[in-house]
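Structure first, commentary second.
The values are calculated or read from the model by the stated rules, or taken from the named source; none is laboratory data. The model shown is predicted, which means the values in this text are computed figures rather than measured ones. Heads up, the Cβs are rebuilt from the backbone with ideal geometry, glycines too, and the neighbour counts pull from every protein chain shown. When the accessible area is computed, the model is the full protein with side chains, heavy atoms only, and any ligands, DNA or RNA have been set aside. Shrake-Rupley method; radii C 1.70, N 1.55, O 1.52, S 1.80 Å.
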Amino acid sequence: MLRSDMLDAIDFILKKVRKNRLAFGGVQMLFIGDLYQLPPVVVDEEKEIFETFYDSPYFFDAHSFKEIQPLYIELQKVYRQNEESFLNLLNAIRNNTMEWDDYEQLNKRFLPTTKLNENEYITLTTHNYKADQINKEALDALPTPMYSYAAEIQGNYSEKQMPCDAILSLKVGTKVMFIKNDTSIEKKYFNGKLATVKALDSDSITVQFNDSEELFEVNKESWEHIQYELDTQSLEVKEKVLGTFKQYPLRLAWAITIHKSQGLTFTHAIVDAGYSFAPGQVYVALSRCTTLEGLYLHTRITPQALHVDERLAHFNPQRYSIENLQIQLEAERHHYQLEKIKKVFLLKKIMRHVLHIQEALQQSSFLPKKEELYDRLSMMFDEAKEISEVSEKFLKELEGLCQDVIFTKETDTLRMRVEKAIHYFSKKIKNGILTPVQQLLVSLKDVKRIKKVISSIQQEEESLLFLYNELIHCRLYGKALVADIKEEVIQKTALGEPQKQKKGDSALESLMLYESGKTIQEIATQRNLNESTIEGHLITFLETKRVRIEDIISIQQIAKLKETISLSQHTEIGELRKMLNNSLSYSQIKAGIIYLSMQREIVE
């Protein structure tokens, strides 16, 4: 159901953010889907403009998809059904090869006089109004008292945007479906999970999940109406929350539309698909059932109910045998790894950074000792030119070495050659570019009225530092190419305190080592610091998602911490640590609190 314009939007954003013109910004992509299920939805008011730019709404007609040559793997094992006769019927519907005998066999499940226990069955129907009607009648038929729950709406949130009913009416015995994933740490439910209401009062709803005997008290969830705006000063896209909608994430589920059933599995279902209107709709409805025995047709399935989208015939990917696929995957694995190495040695961009420094210096008329400054700059130009020329030659050599690896799978020669190159280029960049840039910044620190110049040079310094650290931490197949490199991670110039490393810089150093693949223990050993200190450094990057929470505190420990916080009603770390019998460190508790706050599990 992924629309072609959405795929192009993903491609555009990744290219922009990663500053990479390759398809999807050079990110490895994995697409999983089934063209024979429901197609992408294009509403009437979008069709005219959509058809101006795209041959179809299918993902394979996205402009970005035509840039790539993906490997196609056909998944052939069926997990939902295991009855051969039922599988044959489903495949005939899927492939549009239904014969008269197939229709006869399928329509034997049209049993209008059979009395069913409707509490065991869910009805899958083609249209919203049909599902709503079935749900209303079933709710009215329950003898238990009715409870109604009003949504809390703030700001701008129109009725069309509401994810569920503004007034949710329930009775004990109501069949319901969750319409949102559980955002709490327990992950008790997901969008599409079915349950039955077991208890109600004015401000609580308790349900029992259909796949277990567990009782669960449902909490309200929030949805936000967000508008994205460009900040013209910072050139950043910022979120503006126009309105919020808070309601229990439930809808009645005696009946749901076939579109909403996609991805779900049922042991017992009543299918009303005789008036289907979309390609794949009948197939999706019938294939939700695990057995033919558990399927009841509300209407007969006729040839008129089966729709085929002729545009799917244009998509005919090359499928590989298992043997050829393994060979191709192995080759692609090498290709991807080696492309990452080559990217590290694209060093001609250093010249661009030196030019930007020159442009920054030319903007000011307040610079002292201009001749001396330009002499330094001239030396940097010479170094940048040499680095650029040598890196161009090395990239050509690297191309040949990479081809050898793809054919021979032998990496020793490549590893040795790249190790030498890292030592050579890192030394040239450090001594010939980075150190002069930092000396330049120090020499300008006391000069007045050049704040903008210094800021511009510091930005170039930061880019050069990133490039340098990427080089010395280059990895092949997950292993560092140069484990014993003598060059240390260089820190950004701290103007005014050149001898003292700032706390933020120390944290960044730990982050760089972490992102290079080292564990907290390894970083602590390398930096001769306590593990708790390294944890403290990494905690500061949790909210940016550059550090995985599981590397500091396990999910099970977070659950225990959450339970302790709810019992104690406070978040003082020392007190919480005592209540947990000192089983967690201060850093782990702090990380857990940050994580829970990000998940909106606690309010600090």
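Annotations
- Whether the range 96-139 is rounded, prolate or oblate, judged on the alpha carbon gyration tensor where a/c under 1.5 counts as rounded: oblate
- Estimated 222 nm signal from helices in the chain, with DSSP H stretches of n ≥ 4 weighted -39500 (n - 2.57), rounded to 500: -13500 deg cm²/dmol
- Cα gyration tensor, the range 147-187 - rounded (a/c under 1.5), prolate or oblate: oblate
- Ordered by 1.4 Å accessible area with all protein chains kept, Lys171, Lys77, Lys115, Lys370 run largest first as Lys115, Lys77, Lys370, Lys171.
- Which of Met6, Met29 is most accessible, then next, and so on - probe 1.4 Å: Met6, Met29
- Cα Rg over Rh - the chain, Kirkwood: 1.03
- Ranking Thr540, Thr123 from most to least accessible surface, computed with a 1.4 Å probe over the protein chains only, gives Thr540, Thr123.
- Rounded FRET efficiency, nearest 0.05, which uses the C-beta distance separating Tyr477 from Asn581 and R0 of 41 Å: 0.45
- Span-rule helices in the chain, defined as complete DSSP H runs reaching 27 Å or more along the axis (Cα) with Kyte mean at least -0.5: 370-408, 451-472
- Met598 accessible area, assembled protein chains, probe 1.4 Å, Å²: 70
- Across Lys188/Lys260; Lys385/Lys427; Lys16/Lys518; Lys19/Lys445; Lys188/Lys220; Lys180/Lys240, pairs whose alpha-carbon gap is larger than 24 Å: Lys16/Lys518; Lys19/Lys445
- Rounded to 5, the percent of DSSP beta bridges in the chain classed as antiparallel: 75
- Modelled this way, with points 7 Å down the Cα-to-C-beta line, the labels at Thr232 and Arg21 are 3.1 nm from one another.
- Gained length - Asp102 relative to Asp55, 0.36 nm times residue gap less alpha-carbon distance: 13.5 nm
- The lysine pair tally for the range 261-372, using Cα distances under 30 Å and a gap of 8 or more places or different chains, is 6.
- With all protein chains kept in place, the per residue accessible area of the chain amounts to 59 square angstrom at a probe of 1.4 angstrom.
- Whether the range 299-437 is rounded, prolate or oblate, judged on the alpha carbon gyration tensor where a/c under 1.5 counts as rounded: oblate
- For His268, the solvent-accessible surface computed with a 1.4 Å probe is close to 60 Å², ligands and nucleic acids excluded.
- In summary, the aspartates and glutamates within cross-link reach of Lys420, defined as a Cα separation below 18 angstrom excluding same-chain residues under 8 places away, comprise Glu386, Glu389, Glu392, Glu397, Glu399, Glu410, Asp412, Glu470, Asp484, Glu487, Glu488.
- In this view, the solvent-accessible surface of Val547, computed with a 1.4 Å probe and all protein chains in place, comes to about 10 Å².
- Gln358-Ala199 pseudo-label distance in nm [points 7 Å out on the Cα-to-Cβ vector]: 7.8
- Spin-label model, Asn191/Glu159: points 7 Å from Cα along the beta carbon direction are separated by 2.4 nm.
- Contour excess over end-to-end distance, with Cα ends at Asp446 and Ser148 and 0.36 nm allotted per residue: 100.3 nm
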